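A.B. asks: My structure is below; once you've seen it, I'll send some questions.
The values are calculated or read from the model by the stated rules, or taken from the named source; none is laboratory data. Every value quoted in this text rests on a predicted model; they were computed, and no experiment measured them. Here the Cβ positions follow ideal geometry from the backbone for every residue, glycine too, while neighbour counts run over all protein chains shown.
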Amino acid sequence: MTDVNKPPVVSRREWLAAIDTLRAREKAHTREGDAIAAARRRLPMTEVDPSAPLIGGTGHVPLIDVFEGRTQLFVSYHMWHDGHTAAEQCEGCTFFTGQVRELSYLHQRDVTFAVFCQGPYEESDRYRRFMGWDMPWYSVPAESHERLVADRHFGMKACYLRDGDHVYETYWTTGRGVEPMAPSYGILDMTVHGRQETWENSPSGWPQPYEALGQQFRKDGRPTAQWARIAAGHDDDLHSGQPRTGRSGCCS
């Protein structure tokens with residue numbers, strides 16, 4: 001580490017004073033986030049077809065059954081590249097999906113978490129198992145794309161409310177709006193070098209080797225999280241000789 005890529009050294013009193021100054025901004029940011037969340041809870045909602053079919057481990061499942069008896073549902077729409085290898089799958093969706101592991105706190109608050117994948121169930125579920133994920137996983141057949149995605153794109157996140165036999169969409173977001181699913185970003189934001197991505201406003205000389213074009217989620221030709229699975233001996237074969245088909249754009 002050189003003198004140009006580390007902070008200046010000051011006394012502890014000066015350091016604490018600088019943090020106190022920043023803390024006031026952090027608290028204002030938190031309060032504004034609370035206000036935005038309050039406004040989000042006051043949004044109107046729109047009805048969606050509760051019978052929209054999905055494909056799960058037991059076959060076709062209507063949307064309303066994905067709630068698993070709860071009244072709220074959070075869905076991560078996972079992008080997929082049909083027929084391609086695990087290494088070629090969406091690095092952005094892998095980054096975000098893989099960081100949602102403990103679901104009991106959501107369940108305690110009457111929220112079900114599920115992944116709705118763009119790809120065919122058998123192939124994409126092999127990916128889920130390769131990655132070691134155990135969240136509910138469904139494939140969205142073509143007949144449900146318009147009913148659920150509706151001119152948006154996979155990679156988005158959406159929230160639903162069930163009222164008896166009716167289902168409503170209450171919120172959706174994409175882009176940086178999905179960052180709450182990635183606590184590693186929140187941790188990196190507290191470190192001195194941040195995310196180390198080129199778009200960040202960092203002091204001159206700070207390391208920023210990552211472009212924010214999906215490359216920040218990859219290492220040596222794979223989504224970064226796959227390397228630990230490979231090292232542990234997990235099989236990344238998804239299609240067992242099925243022909244490769246066209247690749248769509250990634251969400252990152």
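A.B. asks: Regarding the stretch 232-242, can at least one residue be identified that is surrounded by fewer than 14 Cβ atoms within 10 Å (Cβ to Cβ), under 18 Å from CYS117 (Cβ atoms) and at pLDDT 95 or above?
C.D. replies: yes
A.B. asks: Still on this structure: Say we look at the stretch 174-200 and pick out the residues that are β-branched (Val, Ile, Thr) and surrounded by 15 or more Cβ atoms within 10 Å (Cβ to Cβ); which of these is farthest from GLY98 (Cα to Cα)? Can you show your working first?
C.D. replies: Narrowing the stretch 174-200 to residues β-branched (Val, Ile, Thr): 174, 178, 187, 191-192, 198.
Still in the list and also surrounded by 15 or more Cβ atoms within 10 Å (Cβ to Cβ): 174, 178.
On the way: THR174: 17, VAL178: 13 Å.
Going through the qualifying residues, I end up with THR174.
A.B. asks: Now a separate question. Can you confirm whether ARG31 is at pLDDT 95 or above and over 26 Å from the mean Cα position of the chain (by Cα)? Before you say what the answer is, go through the steps one by one.
C.D. replies: Working: at pLDDT 95 or above: yes; over 26 Å from the mean Cα position of the chain (by Cα): no.
Here the answer is no, as ARG31 does not meet what is asked.
A.B. asks: One residue is enough: does the stretch 188-206 have a residue meeting the conditions in contact with a helix residue (DSSP H, G or I) (Cβ under 8 Å, 6 or more places away or on another chain), part of a strand (DSSP E or B) and at pLDDT 95 or above?
C.D. replies: yes
A.B. asks: Still on this structure: Looking at ARG176, ARG152, ARG128, which one is assigned by TED's automatic domain parsing to the domain that holds VAL66 and closer than 16 Å to LEU54 by Cβ? Step through it out loud before you land on a result.
C.D. replies: Working: ARG176 fails: closer than 16 Å to LEU54 by Cβ; ARG152 fails: closer than 16 Å to LEU54 by Cβ.
Unique residue meeting the criteria: ARG128.
A.B. asks: Any residue in the stretch 213-233 that's under 14 Å from SER184 (Cβ atoms): show its pairings with residues that are part of a loop (DSSP other than H, G, I, E, B) at Cβ separation under 7 Å, as long as the two are six or more apart or on different chains.
C.D. replies: Note: pairs meeting the criteria are PHE217/THR224; PHE217/SER252; PRO223/GLN89; ALA225/GLY98.
A.B. asks: Of all residues in the stretch 57-106, how many are assigned to a loop (DSSP other than H, G, I, E, B) and either on the phi < 0 side of the Ramachandran plot or out of contact with any His (no Cβ under 7 Å at 6 or more places or on another chain) (or both)? So that I can check it myself, show each step before the final result.
C.D. replies: The initial filter retains those residues of the stretch 57-106 that are assigned to a loop (DSSP other than H, G, I, E, B), namely 57-58, 67-71, 79-85, 89-90, 98-103.
Subset that is either on the phi < 0 side of the Ramachandran plot or out of contact with any His (no Cβ under 7 Å at 6 or more places or on another chain) (or both): 57-58, 67-71, 79-82, 84-85, 89-90, 98-103.
The number of residues fulfilling the criteria is 21.
A.B. asks: Looking at SER240 and the list (1) touching a residue at least 12 places away in the same chain (Cβ under 8 Å); (2) at positive phi, which single condition is not satisfied?
C.D. replies: (1)
A.B. asks: Still on this structure, please answer the following. Please state which one of ARG40, ARG109, ARG31, ARG25 is touching a residue at least 60 places away in the same chain (Cβ under 8 Å) and basic (Lys, Arg). Spell out the reasoning first.
C.D. replies: Working: ARG109 fails: touching a residue at least 60 places away in the same chain (Cβ under 8 Å); ARG31 fails: touching a residue at least 60 places away in the same chain (Cβ under 8 Å); ARG25 fails: touching a residue at least 60 places away in the same chain (Cβ under 8 Å).
Step by step, each of ARG40, ARG109, ARG31, ARG25 is checked, and only ARG40 is touching a residue at least 60 places away in the same chain (Cβ under 8 Å) and basic (Lys, Arg).
A.B. asks: Same structure, new question: Out of all the residues in the stretch 145-182, which are without any contact (Cβ under 8 Å) to a residue 24 or more places away in the chain and part of a strand (DSSP E or B)?
C.D. replies: Those that are without any contact (Cβ under 8 Å) to a residue 24 or more places away in the chain and part of a strand (DSSP E or B): TRP172, THR173.
A.B. asks: Here is a check on your reading of the model: is GLU122 more than 19 Å from the chain's Cα centre (by Cα), under 21 Å from GLN226 (Cα atoms) and in a helix (DSSP H, G or I)?
C.D. replies: Values: more than 19 Å from the chain's Cα centre (by Cα): yes; under 21 Å from GLN226 (Cα atoms): yes; in a helix (DSSP H, G or I): yes.
It is true that GLU122 is more than 19 Å from the chain's Cα centre (by Cα), under 21 Å from GLN226 (Cα atoms) and in a helix (DSSP H, G or I).
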